[in-house]
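The structure appears right after this line, and notes come after that.
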């Protein structure tokens, strides 16, 4: 990675966690610290993502069936709190004032592409202490009958059927990108027999550009399991390493994306000086490639300030 993204430096691995949803739907403004902590799993054995089954590459060819819709709204408890990585960092003795940003798996690509996501989604900002949280915000349903989820289950369970386990898994790590200290928390789809985290995709790689590479960097996934399909027909399954994916890209493309990311982070950090605790701001990607920001009264990324403080106090007690 150092040849194509020399300003990306991994500082520390902070491990994985899982979220096991329970309880009724709530907006983040209605959530309490105890709600978030009650769904959080930190035990290493239980927080490790599913393992790829032996011989998963031989599961193709196959056909994805039309399964009964099994959808959950992308909100608590079926959405992961942006506070959890900060809770984990503080539990591990990190001074949160030293962290500049908390980013998810899609943020790097958004900053490199400077494009508004589709489907009514937006990128939003909130602030906890010095750290600016940037997260994709969208109210949508995750349908676990979709082919992408079917493929994940196929290579980890050997079956596309869903067992109503909605546990999600994420990995946390600290990075330096340019002069900025980044706390990443991103989906971890699976691990292989050697314990490497894996990204699992069944979409057309023609449209990936650098998106999947940035997702894999964010989750510390070293392996891509790619399902090559035509509509509902799975033709074959390929495995590639992160290093090989990066080497397929031109250095000039990667350098340009890196410069855009660092420039965008600098703009957001400067704006962060004027952000108010408890407020949420929408990131606007302008047509000229610049960024602007506007306060939003409709979006909440975090619980109320007093609940944020309670959760971080719990991290001090754990530490």
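Taken together, the values in this text are just the output of simple stated rules run on the coordinates, not laboratory data. Nothing here was measured: the structure is a model prediction, and the numbers come from that model. We place every Cβ from the backbone using ideal geometry, glycine too, and count neighbours over all the protein chains shown.
With a cut-off of 8 Å between alpha carbons and a minimum separation of six or more residues, what is the relative contact order of the stretch 8-318 in percent?
Here the relative contact order equals 27 percent.
May I ask for log10 I(q)/I(0) of the stretch 8-318 at q = 0.12 Å⁻¹, from a Debye sum over the Cα atoms as equal point scatterers with solvent left out?
-0.83
Which residue, 105, 178, 55, has the most motion in a Gaussian network model of the chain that connects Cα atoms within less than 10 Å?
Among 105, 178, 55, the largest GNM mean-square fluctuation belongs to 55.
Of 16, 185, how do they rank once you tally other Cβ atoms within 10 Å and put the fewest first?
Starting with the residue having the fewest Cβ neighbours, the order is 16, 185.
Hey, could you pull the Cα Rg and Dmax for the stretch 277-319, both in Å?
My reading of the Cα-based Rg and Dmax gives 15.3, 47 Å.
In which sequence would 100, 146 go, from the one with the fewest C-beta neighbours within 10 Å to the one with the most?
Exposure proxy ranking, most exposed first: 146, 100.
Give me 288, 220, 192 sorted ascending by neighbouring Cβ count inside 10 Å, so fewest comes first.
Ascending Cβ contact count within 10 Å gives the list 288, 192, 220.
Restricting the count to DSSP beta bridges whose residues both fall in the chain, what percent are antiparallel, rounded to a multiple of 5?
Numbers: 51 of 63 bridges.
Expressed as a percentage, antiparallel bridges in the chain total about 80.
What three numbers, in Å, describe the spread of the alpha carbons of the stretch 20-83 along their principal axes, ordered from the longest?
Here the Cα extents, ordered largest to smallest, are 46, 31, 17 Å.
For the stretch 61-174, how big is the tail of P(r) above 16 Å, as a whole percent of Cα pairs?
Here the tail beyond 16 Å accounts for 69 percent of pairs.
Just the number, please: Stokes-Einstein D of the stretch 95-234 in µm²/s, Kirkwood Rh from C-alpha pairs, 37 °C, 0.692 mPa s.
The calculation lands on 198 µm²/s.
Where is the GNM fluctuation largest for the chain (alpha-carbon springs, 10 angstrom cutoff): 87, 169, 207?
Maximum among the listed residues: 207.
Please report, to one decimal in angstroms, the Kirkwood hydrodynamic radius of the stretch 37-115 built from all distinct Cα-Cα pairs.
Evaluated over the stretch 37-115, this radius sits at 17.2 Å.
Based solely on C-alpha atoms, express the radius of gyration and the Dmax of the stretch 122-199 in angstrom.
16.2, 46
Can you give the calculated 222 nm mean residue ellipticity of the chain, where each DSSP H run of n ≥ 4 adds -39,500 (n - 2.57) and the sum is split over every residue, rounded to the nearest 500 deg cm²/dmol?
Numbers: 9 runs with 88 residues, N = 319.
My calculation for the chain gives -8000 deg cm²/dmol from helical runs alone.
Measuring from centroid to centroid over Cα atoms, what is the spacing of the stretch 49-83 and the stretch 144-193 in Å?
After rounding, the separation between the Cα centres reads 9 Å.
Calculate, in whole percent, how much of the Cα-Cα pair population of the stretch 157-209 lies beyond 14 Å. Before the final figure, lay out the partial values.
Values: 997 of 1378 pairs.
When all Cα pairs of the stretch 157-209 are counted, 72 percent exceed 14 Å.
How large is the Rg to Rh ratio of the stretch 200-319 when both quantities use alpha carbon positions and Rh follows Kirkwood?
1.08
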